[in-house]
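Reading through the structure tokens given below for one structure.
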Amino acid sequence: MPHIGKIYELTGPRSQDMAGMAAEYAAALGRPVTYVDVPFEDWRGQELRHRGLPDYVFDHFVTMARLHADNRYDRMTHDVEVITGRPASTVRSYVESRADLFGR
């Protein structure tokens, strides 16, 4: 049981901002994909609030969004490879492999 008691930070193969993520989606789908920075309060009130989520899920999403906005997750590790024996997939390779999920 080599993983008991260990903490892994599962990341992709590189650290990148949301514009970089949009660029990977665009490359994989062969169409424009643009990141739009929606103000936090607008997102929380207009998008998330109306999803009918349980309070604990809503609060979790709000907390995660704040941490992302503060760049608390801007990191890269090799933990996926340590656990699986192969490097983490890029966003582009994942989207290409599951293009059916993204309206391609």
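The values are calculated or read from the model by the stated rules, or taken from the named source; none is laboratory data. Quantities reported herein were computed from a predicted structural model and do not represent experimental measurements. Counting neighbours? That spans all protein chains shown, and the Cβs are built from the backbone with ideal geometry, glycine included. Surface areas here come from the heavy atoms of the whole protein model, side chains and all, with no ligands, DNA or RNA. Shrake-Rupley method; radii C 1.70, N 1.55, O 1.52, S 1.80 Å.
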> Which value in nm describes the separation of the simple spin-label points at His50 and Val36, placed 7 Å from the Cα toward the beta carbon?
Replying inline: 1.3 nm
> So, counting K/R as plus one and D/E as minus one, what does the shell of residues with Cβ under 14 Å around Val36 add up to?
Replying inline: -4
> Got a sec? Which residues in region 58-100 would a label at His3 touch, if it sits 7 Å along Cα→Cβ and we count backbone N under 13 Å?
Replying inline: 79-86
>> Once you place label points 7 Å from the Cα toward the Cβ at Tyr73 and Ser89, how far apart are they in nm?
In response: 1.7 nm
>> Around Ile7, under 14 Å between beta carbons, what's the net of Lys plus Arg minus Asp minus Glu among the other residues?
In response: 0
> Using the beta-carbon distance between Ser15 and Arg98 and R0 = 25 Å, what value does 1/(1 + (r/R0)^6) give for FRET efficiency, to the nearest 0.05?
Replying inline: 0.65
>> Bins of 10 Å, beginning at zero and ending with the bin holding the largest distance: percent of Cα pairs per bin for the chain, please.
In response: 13, 30, 40, 16, 1
> Convex hull over the alpha-carbon atoms of region 64-104: what's its volume per residue in Å³?
Replying inline: 112 Å³
>> Keeping every protein chain present and rolling a 1.4 Å probe, give me the accessible area per residue for the chain in Å².
In response: 77 Å²
> Of all chymotrypsin sites (Phe, Trp or Tyr not before Pro) in region 47-104, which ones are in loop regions per DSSP and have a Cβ with at most 16 other Cβ atoms within 10 Å?
Replying inline: Tyr73
>> Under 8 Å for C-alpha pairs, at least 6 residues apart: give me the relative contact order for the chain, rounded to a whole percent.
In response: 47 percent
